[in-house]
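**Q** Below is the structure I would like to discuss, written out as structure tokens.
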Amino acid sequence: MITIRIASIDEAELIADLSRKTFYDSFAGYNTKEDIDKFMNEQFTKDALMKEVSTENNIFLLAYNGNMPVGYVRLRENNIPPSRNQSCHRNCKNIRRPGFNRERNWNSHDA
């Protein structure tokens, strides 16, 4: 059974690991090894991702299949790019960088 809950700051390392894994799985095939390694080691570091979890206005949700983490999503509260403000009212949520681990064995019937 899939469950989704709000993540705590204590789960920052888990979120960073999921984020890096899902990003690599999604984009490594479209980039050279050198380019993806450079990005992962300079821009998308575990430490930087862990800081995002404690950043004000970031809310992370974790998805679990039983006890196994299988995905996450980051919501950014009240931080909408100016070009989108016109169509958004106060207290908007901006969904960013969802990640789902393709290695986990679960199917849509579990959701």
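Laboratory data are not the source of any read-out in this text; all were calculated from the coordinates shown. Bear in mind that the values here come from a model prediction, so they are computed numbers and not experimental data. Glycine gets a Cβ as well: all are built from the backbone with ideal geometry, and neighbour counts include every protein chain shown.
**Q** Which whole-Hz ³J(HN,Hα) couplings does the stretch 36-45 yield from phi under the Karplus relation 6.51 cos²θ - 1.76 cosθ + 1.60, θ = phi - 60°, glycine and proline marked x?
**A** My calculation for the stretch 36-45 gives 5, 5, 4, 4, 5, 8, 10, 9, 10, 6 Hz in order.
**Q** Let me ask something additional. Any chance you could run the full-extension gain for residue 48 through residue 4? It's 0.36 nm times the residue separation minus the Cα-Cα distance, nm to one decimal.
**A** Length gained, residue 48 through residue 4: 13.5 nm.
**Q** Across the stretch 11-23, in residue order, what do the Karplus-derived ³J(HN,Hα) couplings come to in whole Hz, using 6.51 cos²θ - 1.76 cosθ + 1.60 with θ = phi - 60° and x for Gly and Pro?
**A** 9, 4, 5, 4, 4, 4, 5, 4, 4, 5, 5, 5, 5
**Q** Say each of residue 40 and residue 61 gets a label point 7 Å from the Cα, pointing the same way as Cα to Cβ; how far apart are those two points in nm?
**A** A separation of 2.8 nm, rounded to one decimal place.
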